[in-house]
Amino acid sequence: MTYISIGLRRYVEERASHCCEYCLQPADLSFFPHEVDHIVAVKHRGTTDADNLAFACWRCNRYKGTDLGSFDPQTGAFSFLFNPRTQQWSFHFALEDARIVGLTPEGRTTANLLQFNSEERLAERRRASSSS
């Protein structure tokens, strides 16, 4: 396991406004604590610095693992995953009611691999939106 200083963890969390940078789940609504994710895993020569770290809910972090990409469910072609450091969320995704819809190959691939629209995650988003 790679050491990430408390200051760097705090910076990553605050930069993300305390929300998962993949699915936008607020940390204060999550049963398990959010985590700092290496966007490019250390095993793929990713660095432990602010430019390669994202704040992620435990589900997104587990589903992503060390993956860099997968196959676009619409085209079947390989696509890299969404990178919250270099890409804008609203360009790659849209929120339609409780569903997160991928708009690009990266968006569709990420939404599929990270299982953004599983029944459990949809129910969480519905509960969150009804309490706001």
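Let me confirm something: among Asp72, Asp67, Asp49, which residue is over 13 Å from the mean Cα position of the chain (by Cα), surrounded by fewer than 16 Cβ atoms within 10 Å (Cβ to Cβ) and among the charged types (D, E, K, R)? Full working, then the answer.
Details: Asp72 fails: surrounded by fewer than 16 Cβ atoms within 10 Å (Cβ to Cβ); Asp67 fails: over 13 Å from the mean Cα position of the chain (by Cα).
From the options Asp72, Asp67, Asp49, the qualifying one is Asp49.
Among the residues of the stretch 11-25, those identified as over 15 Å from Leu81 (Cβ atoms) and surrounded by 11 or more Cβ atoms within 10 Å (Cβ to Cβ) are Tyr11, Val12, Glu13, Arg15, Ala16, Ser17, His18, Cys19, Leu24, Gln25. Taking each residue of the stretch 48-76 that is over 15 Å from Thr110 (Cβ atoms) and looking for partners that are charged (D, E, K, R) and assigned to a loop (DSSP other than H, G, I, E, B) with beta-carbon atoms closer than 9 Å, six or more apart or interchain, yields Ala50/Arg85; Asp51/Arg85; Asn52/Arg85; Leu53/Arg85; Phe55/Glu21. A count restricted to the stretch 32-87 and to residues that are closer than 11 Å to Tyr22 by Cα and small (Gly, Ala, Ser) stands at 2.
The combined condition, being more than 17 Å from Cys19 (Cα to Cα) and touching a helix residue (DSSP H, G or I) at 6+ places or on another chain (Cβ under 6 Å), is fulfilled by Glu106.
Counting only residues that are within 16 Å of Pro84 (Cα to Cα) and not aromatic (Phe, Trp, Tyr), the stretch 102-132 holds 12 of them.
Of a type in the set (Asp, Glu), surrounded by fewer than 11 Cβ atoms within 10 Å (Cβ to Cβ) and modelled with pLDDT under 95: does that describe Asp28? Yes; evaluated as a whole, the condition is true for this residue.
Taking Tyr22, is it assigned to a loop (DSSP other than H, G, I, E, B), within 17 Å of Glu120 (Cα to Cα) and either within 13 Å of the chain's Cα centre (by Cα) or in contact (Cβ under 8 Å) with a residue 12 or more places away in the chain (or both)? In short, yes.
Being acidic (Asp, Glu), at pLDDT 95 or above, buried (at least 17 other Cβ atoms within 10 Å of the Cβ) and under 15 Å from the mean Cα position of the chain (by Cα) is the requirement here; does Asp37 meet it? Even if it seems obvious, please write down each step before you answer.
On the way: acidic (Asp, Glu): yes; at pLDDT 95 or above: yes; buried (at least 17 other Cβ atoms within 10 Å of the Cβ): yes; under 15 Å from the mean Cα position of the chain (by Cα): yes.
Against the criterion (acidic (Asp, Glu), at pLDDT 95 or above, buried (at least 17 other Cβ atoms within 10 Å of the Cβ) and under 15 Å from the mean Cα position of the chain (by Cα)), Asp37 qualifies.
Quick one: count up the residues across the stretch 25-43 that are touching a residue at least 40 places away in the same chain (Cβ under 8 Å) and farther than 20 Å from Gln115 by Cβ. Please lay out each step first, then the result.
Of all residues in the stretch 25-43, those touching a residue at least 40 places away in the same chain (Cβ under 8 Å) come to 25-26, 29, 39, 42.
Next cut, farther than 20 Å from Gln115 by Cβ only: 42.
Matching residues across the stretch 25-43 total 1.
Pairing each residue of the stretch 114-132 that is under 17 Å from Ala56 (Cα atoms) with any residue that is among the β-branched types (Val, Ile, Thr), provided the two are 6+ apart or on different chains, yields C-beta distances under 7 Å for Phe116/Ile100; Asn117/Ile100. Taking the stated definitions as given, is Leu29 in contact with a strand residue (DSSP E or B) (Cβ under 9 Å, 6 or more places away or on another chain) and of a type outside the set (Val, Ile, Thr)? No: the conditions fail for Leu29. When the strands (runs of 3 or more DSSP E) confined to the stretch 36-82 are screened for residues that are aromatic (Phe, Trp, Tyr), those reaching at least 2 such residues are found at 78-80.
The values are calculated or read from the model by the stated rules, or taken from the named source; none is laboratory data. Not measured: the values here are computed from a predicted model. All Cβ positions, even for glycine, are placed from backbone atoms using ideal geometry, and neighbour counts span all protein chains on display.
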